[in-house]
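A.B. asks: To start, I am sharing the structure in question, which I have written as structure tokens.
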């Protein structure tokens with residue numbers, strides 16, 4: 001069975017990966033620079049932005065994280081593919 | 001606790017069907033300086049390290065699990081459609097007779113993962129120097145895998161992972177500086 | 001972490017010993033990497049950053065740490 005995903009899936013996924021990557025970099029930086037207020041501000045800004053991106057992604061492609069709303073009320077979409085290693 | 005996110009940290013693409021690369025990648029899956037060893041090393045050390053660096057060990061340890069998932073994805077993609085003959089040609093015949101194409105925590109030579117790879121001395125400086133060395137060894141391993149690989153897409157993901165080792169090493173070096181600091185003396189950049 | 005040189009190189013090389021009875025032709029230069037984390041010291045605040053998309057591609061948010069790796073022996077491949 002060959003499954004193809006809409007291009008939109010990959011585009012949105014990569015936007016999320018980029019936003020979350022900035023978060024991880026800032027997190028590690030702040031772990032050793034806990035008083036850099038500018039970095040804290042940037043971290044908070046990207047945390048918000050990442051949440052927005054994920055909400056948008058999840059409305060088309062199903063829950064991405066534990067604790068996200070299952071927006072399809074008659075099917076448990078969390079268990080649906082694709083899994084990260086299948087895309 | 002940990003929660004799962006249905007995404008890779010960085011996109012993994014593999015352009016050529018070359019199961020031999022899967023064999024090499026196993027060094028970073030279940031090898032001494034691989035991602036599993038790294039994750040377990042940091043997440044285990046954090047219980048007995050000064051408060052100031054617990055956050056760093058937790059966050060780097062967690063990121064290592066994301067890297068482990070990327071390596072697993074590469075190995076999976078390179079082996080899932082390989083026939084037994086192709087696996088034998090790739091040097092994975094011994095792997096096949098024990099595991100079929102299931103992933104297994106062993107190094108590139110097939111040696112199973114062992115907790116003996118993970119150091120925990122309980123001395124903060126010894127442990128952080130260990131961690132710095134582990135990052136440099138993982139960086140070197142990525143270099144040697146890239147040297148052996150002709151797959152441009154795979155190498156792109158491997159370069160990402162190599163760069164992460166540089167950043168982790170940088171942060172561990174900073175953690176050493178933090179622990180060296182004299183009490184109440186402000187850090188001067 | 002005290003030294004902060006303004007410029008540094010990320011690759012070094014040396015010519016390993018080759019004896020008269022060694023069976024293989026000499027490899028020539030051996031290369032090793034000296035990545036930016038060896039030189040930068042404790043990171044200064046407010047360093048220039050990549051854009052988010054570029055940071056992801058490069059594997060770091062800060063250009064100062066970026067180190068592209070390529071097989072240094074590629075040209076010699078048979």
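A.B. asks: Name every residue in the stretch A:71-87 that is under 18 Å from residue B:79 (Cα atoms), free of Cβ contacts under 8 Å to residues at least 40 places away in the same chain and assigned to a loop (DSSP other than H, G, I, E, B), in order of residue number.
C.D. replies: Within the stretch A:71-87, A:83 is the sole residue that qualifies.
A.B. asks: Going through the stretch A:44-70 one residue at a time, which ones are free of Cβ contacts under 8 Å to residues at least 12 places away in the same chain, away from chain B (no Cβ under 11 Å) and within 27 Å of residue A:29 (Cα to Cα)?
C.D. replies: Hits for the stretch A:44-70 are A:44, A:45, A:48, A:51, A:52, A:55.
A.B. asks: Looking at the stretch C:30-64, which of its residues are under 30 Å from residue C:18 (Cα atoms), facing chain B (nearest Cβ under 10 Å) and assigned to a loop (DSSP other than H, G, I, E, B)?
C.D. replies: C:35
A.B. asks: Let me ask you something else. Please go through (1) more than 11 Å from chain C (Cβ to nearest Cβ); (2) more than 26 Å from residue B:161 (Cα to Cα); (3) more than 16 Å from the chain's Cα centre (by Cα); (4) not in a helix (DSSP H, G or I) for residue A:41 and return the number of the only condition it doesn't satisfy.
C.D. replies: (4)
A.B. asks: Within 12 Å of chain C (Cβ to nearest Cβ), within 30 Å of residue C:72 (Cβ to Cβ), assigned to a helix (DSSP H, G or I) and in contact with a helix residue (DSSP H, G or I) (Cβ under 7 Å, 6 or more places away or on another chain): is that true of residue B:161 in this structure?
C.D. replies: When the stated conditions are applied, residue B:161 passes them.
A.B. asks: Here is a list: B:139, B:173, B:185. Which entry is on the phi < 0 side of the Ramachandran plot and modelled with pLDDT under 95?
C.D. replies: B:185
A.B. asks: Given the criteria more than 7 Å from every other protein chain (Cβ to nearest Cβ), closer than 30 Å to residue B:173 by Cβ and in contact with a helix residue (DSSP H, G or I) (Cβ under 8 Å, 6 or more places away or on another chain), does residue A:28 qualify?
C.D. replies: For residue A:28, the condition - more than 7 Å from every other protein chain (Cβ to nearest Cβ), closer than 30 Å to residue B:173 by Cβ and in contact with a helix residue (DSSP H, G or I) (Cβ under 8 Å, 6 or more places away or on another chain) - is not met.
The values are calculated or read from the model by the stated rules, or taken from the named source; none is laboratory data. Not measured: the values here are computed from a predicted model. Cβ: placed from backbone, ideal geometry, glycine included. Neighbour counts: every protein chain shown.
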